[in-house]
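For reference, the structure discussed in these notes is given below.
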Ligand code: AHM
Ligand code: MG
């Protein structure tokens, strides 16, 4: 997209904000009403507020456990609860948002009985335990359309349980050394940096492409003993002379680990383990939006058996194994997994 020619008006301004970018993208869709950009601007507003709270976490005493009492005798609130409330408030003002679902809510929430046609599902502050040690955290979101034939008092959970392939938009915000927002509406992946001096997300990179291969793996190897054999064999192979040199990188914050993988290439894995036999990460607000972004950037995402975006969710908080990253690297892991699954089947048979 040529933004210079898409954005009207006399301007010598050298930057494009996220809101302007969305509007200019919508011009490619003559039937668009602007409602969708209104919704996404609710997410950018929440992201700016959460970013400010994350940056001031130590100062305003929102670290630690909810329920603690701070120096002033006030009830402390965990930053992930505050982030959740911020998203609920910012999106709740958008009359076209019908249902919100979040890691912090047991069940989907219908907004003021609204008939809004969009569903927003989010992890308000992923990796929040990292915040106590000043490591990057993030917000992840996915937007779906609600089945309007279901408006008459149907169970909102039924509206929410859609496979990732139906996402209209997805993205994340990483609160790292700077705050970066990355989103897709199915027309490529675009990246913005929060400029604190103007309080706006400014376009940093359009049509981000993930390198097709990349010798970097990202996995919690502390769980090695309970990884599936195929994953163990892939990781062993990465460390051989013939394959190497690979680099290991693991932050333990999905958004930050994925952000690096998107830009540098390589692979992120969270396989099933004995502690989390179905994987640790959540399908609806972690794996699906990340998988949508990965595919839009030319990468791939699988649970080891099937494409993440094709999985039909059974529940809001269900977990999934996740292997995501450069297409070539994900296919290599798939090969290792298939080979070893076949060998194991032969032994069992
Ligand atoms: P959370 O939603 O409780 O923050 O957990 C999700 C996080 C991800 O950000 C990260 O990829 C993963 O947990 C790390 O898990 P582990 O500490 O087991 O390696
Ligand atoms: Mg999370």
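A few comments on the model shown:
- FRET E, pair residue 341, residue 106, Förster distance 45 Å, beta-carbon r, rounded to 0.05: 0.80
- With Cα atoms, 0 to 90° folded angle of helix 327-348 axis to the chain main axis: 50 degrees
- When the alpha carbon coordinates of segment 216-348 are projected onto the principal axes, the ranges are 38, 37, 25 Å, largest first.
- Within segment 216-348, percent of DSSP bridges classed antiparallel, to nearest 5: 70 percent
- As a proxy for reagent exposure, 102, 41 were ordered by neighbouring Cβ count within 10 angstrom, fewest first; the result is 41, 102.
- Relative packing of 265-274, 154-163, 327-336, which averages over residues the other C-beta atoms within 10 Å, highest first: 265-274, 327-336, 154-163
- Relative protection proxy for 242-249, 293-300, from highest mean packing down: 293-300, 242-249 (other beta-carbon atoms within 10 angstrom).
- For 172, 250, order by how many other beta-carbon atoms lie within 10 Å, fewest first: 250, 172
- Computed from the alpha carbon atoms alone, the convex hull of segment 289-349 holds 87 Å³ per residue.
- Summary value for the chain: 14 percent relative contact order, contacts being C-alpha pairs under 8 angstrom separated by 6+ residues.
- Based on Cα atoms of the chain, Rg over Rh with Rh as the Kirkwood radius reads 0.98.
- Crossing angle, helix 254-264 versus the chain [Cα axis fit, 0-90 degrees, rounded to tens]: 80 degrees
- Under the criterion of Cα pairs below 8 Å and six or more residues apart, the relative contact order for segment 251-302 equals 21 percent.
- Residues in segment 168-196 that a label on residue 28 would reach, taking backbone N under 18 Å of a point 7 Å out along Cα→Cβ: 168-171, 182-192
- Length gained when the stretch residue 249-residue 178 is fully extended (0.36 nm per residue, less Cα-Cα span): 23.6 nm
- Peptide ranges 118-125, 173-180, 233-240 listed from the most packed, as the mean C-beta count within 10 angstrom indicates: 118-125, 173-180, 233-240
- Ordered by the number of other Cβ atoms lying within 10 Å of each residue's own Cβ, fewest first, 182, 33 fall into the sequence 33, 182.
- Projected label distance in nm at residue 264 and residue 310, using a 7 Å step from Cα toward the beta-carbon: 3.2 nm
- Using a cutoff of 8 angstrom between alpha carbon atoms and counting only pairs six or more residues apart, the relative contact order for segment 256-349 works out to 34 percent.
- Modelled spin labels at residue 135 and residue 220, positioned 7 Å past Cα toward Cβ, are 1.0 nm from each other.
Values quoted throughout were computed directly from the atomic coordinates according to the rules given, and no laboratory measurement underlies them. As the structure is a prediction and not an experimental result, all values here were calculated from the model. Quick reminder, even Gly has a Cβ in these numbers, built from the backbone with ideal geometry, and neighbours come from all protein chains shown.
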